[in-house]
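The next block holds one structure in the form of structure tokens; read it before the comments.
The values are calculated or read from the model by the stated rules, or taken from the named source; none is laboratory data. Keep in mind it's a predicted model, so treat the numbers as computed, not measured. Note: ideal-geometry Cβ built from the backbone for every residue, glycine included; neighbour counts use all protein chains shown. These accessible areas exclude ligands, DNA and RNA; they are computed on the full protein's heavy atoms, side chains included. Shrake-Rupley method; radii C 1.70, N 1.55, O 1.52, S 1.80 Å.
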Amino acid sequence: MIAAVQIGRADWYEASARDRIAGLLDAGSFVEFLGPEQRIMSPHLAQFDLTGAFDDGIAVGRGTLDGQAVLVAAQEGRFLGGAFGEVHGAKLLGLLRGARERPPRAVLLLLDTGGVRLQEANAGELAISEVIHAILNLRRSGVPVIALIGGRAGAFGGGGIITACCSRIVVAEHARISVSGPEVIETNKGVEEFDSRDRALVWRVCGARSRYLLGGADGYVTGSIAAMRKAAAAMIADVPSFGMTMLQAEQQRLTDRLHRFGACRDAPEIWRAAGLPEPDRVGDIDDEAFLTMPRIAGADHDAR
Amino acid sequence: MEQFQLQGKAVRRAGGTRRQALTGVNASGNLEILVERVLADHECMVEVTTAVAGFRGTWDAVAQDFFTRASPGGLRFSINDGGARPDTVMLRLLQSVRLMEREP
């Protein structure tokens, strides 16, 4: 646990799920639901000779951000890769359904997950489907759902799909968002298709900068918890409407994007085709220089 | 996987008034500790669930050393262990006692 006075400066990537919440919300405002002392743990892991976590790898609760009431969930990416199991998923789903009954100003999802926990995969997959349903219902009822991504597990598998269903997505440099992870692609398609040990390739394909430039994320921040806090507050105030018109516009945007860049084999080819300056240096420059770069046309579309 | 309880006696009650604290993560080479102020003033206990079987003697040695050093009277330490080394276990235990001394 990081001392309260230093928590804003602390790095999102290195912080625990609870430290992220503590630094993101107004000091001392977080009230946890089903905290670790209640020991609501996975009933499945012991069958696989695995020790559990007292919170099943996710902290959920309420608090305030700049005085506004928010609900928040944070996955602990270091426990089983932040993966969704039955209890883990039920805690997130309960939070989202609770938000429907008593709408907060926003719901903040601090996702840090490799996807579904293989030891309880059916329950995990079901939870992810229900979470997606609950997020879309919330958005339709006018509650912003903001994803904040920058942990060590990234947002993969169902976690990547959940992220893409949110009203707004904020990423820090370490963030990776995708569905099939690099190791999964390599296992299924071979190392010639995707070398998961090539870290630069991994980040070019699913890393924060590529996602942001292409419009798969709405905000890019330097890695501190304080920067995430500032971006989250800004996103809450600026969320697009959610309805058929928007969905059709998004479908059109993605169709156009596929048409323009579908033949590209790697991210720099997209940046070159889009006319971005220095397409090969996107991964090498520092955050300040990166933030001055233009995004591809249409990336800041409100559709998502 | 192995589960056991290690009982101890404390010279004095642990400092602070906080009811509970959590530290660490159950990950490879790491552990999480949930501390709760639920025991009598001169009792203390470590409850271990560990992924690595066969090291109860080492756990007992670390726990008894910790009880002597920190005198954590009244505290119950529940551990989910992912194969942490004894020095890591001791550091986390000492850290968890400190957390209980913080303002609630």
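Values computed for the structure shown
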read-out	value
Single residue of A:SER167, A:SER178 found to be within 16 Å of A:GLY114 (Cβ to Cβ) and among the hydroxyl-bearing types (Ser, Thr, Tyr)	A:SER178
Complete set of residues in the stretch A:239-271 that are of a type in the set (D, E, K, R), over 21 Å from the mean Cα position of the chain (by Cα) and not in a loop (DSSP other than H, G, I, E, B)	A:ARG253, A:ASP256, A:ARG257, A:ARG260, A:GLU269
Output for the stretch B:30-55, where each listed residue is open to solvent by 60 Å² or more (accessible area, probe 1.4 Å) and under 18 Å from B:GLU101 (Cα atoms)	B:VAL38, B:ASP41, B:HIS42, B:GLU43
Tabulated pairs, the stretch B:1-22, first among the β-branched types (Val, Ile, Thr), second loosely packed, with under 12 Cβ neighbours inside 10 Å, C-beta under 8 angstrom, 6+ apart or interchain	B:THR17/B:PRO104
Filter result (within 23 Å of the chain's Cα centre (by Cα) and in contact (Cβ under 8 Å) with a residue 60 or more places away in the chain) within the stretch A:272-287	A:VAL282, A:GLY283, A:ASP287
Options A:ALA153, A:ALA172, A:ALA164; residue that is in contact with a Gly (Cβ under 6 Å, 6 or more places away or on another chain), of a type in the set (A, V, I, L, M, F, W, C) and either open to solvent by 10 Å² or more (accessible area, probe 1.4 Å) or farther than 20 Å from A:TRP12 by Cβ (or both)	A:ALA153
Test for B:GLY24: is it on the phi > 0 side of the Ramachandran plot, buried (at least 21 other Cβ atoms within 10 Å of the Cβ) and within 12 Å of another protein chain (Cβ to nearest Cβ)	yes
Count of the stretch A:68-85 residues which are within 9 Å of chain B (Cβ to nearest Cβ), open to solvent by 10 Å² or more (accessible area, probe 1.4 Å) and without any contact (Cβ under 8 Å) to a residue 60 or more places away in the chain	1
Wholly within the stretch A:57-121, strands (runs of 3 or more DSSP E) carrying at least 3 residues that are touching a Pro at 6+ places or on another chain (Cβ under 7 Å)	A:68-75
Residues of the stretch A:45-54 satisfying the condition of being under 26 Å from the mean Cα position of the chain (by Cα) and more than 8 Å from chain B (Cβ to nearest Cβ)	A:LEU45
Selection within the stretch B:56-102 - charged (D, E, K, R), outside any helix (DSSP H, G or I) and open to solvent by less than 60 Å² (accessible area, probe 1.4 Å)	B:ARG76, B:ASP81
Extreme residue, surrounded by the fewest Cβ atoms within 10 Å (Cβ to Cβ), among residues of the stretch A:28-44 that are part of a loop (DSSP other than H, G, I, E, B) and away from chain B (no Cβ under 12 Å)	A:PRO43
Number of positions in the stretch B:27-55 that are outside any strand (DSSP E or B), within 14 Å of another protein chain (Cβ to nearest Cβ) and under 15 Å from the mean Cα position of the chain (by Cα)	2
Conditions (1) at pLDDT 95 or above; (2) in contact with a Lys or Arg (Cβ under 8 Å, 6 or more places away or on another chain); (3) more than 23 Å from A:THR163 (Cα to Cα); number of the one not met by A:GLU269	(2)
Filter result (touching a residue at least 40 places away in the same chain (Cβ under 8 Å), outside any loop (DSSP other than H, G, I, E, B) and within 10 Å of the chain's Cα centre (by Cα)) within the stretch A:142-163	A:ILE146, A:LEU148, A:ILE149, A:ALA155, A:GLY159, A:GLY160, A:ILE162, A:THR163
Positions within the stretch A:223-246 being open to solvent by 20 Å² or more (accessible area, probe 1.4 Å), touching a helix residue (DSSP H, G or I) at 6+ places or on another chain (Cβ under 9 Å) and closer than 17 Å to A:ILE21 by Cα, in sequence order	A:GLY223, A:SER224, A:ALA226, A:ARG229
Any hit, the stretch B:3-14, residues being away from chain A (no Cβ under 14 Å), within 15 Å of B:ARG102 (Cβ to Cβ) and surrounded by 15 or more Cβ atoms within 10 Å (Cβ to Cβ)	yes
Residue match in the stretch A:2-13 (condition: β-branched (Val, Ile, Thr), at pLDDT 95 or above and under 25 Å from A:LEU80 (Cβ atoms))	no
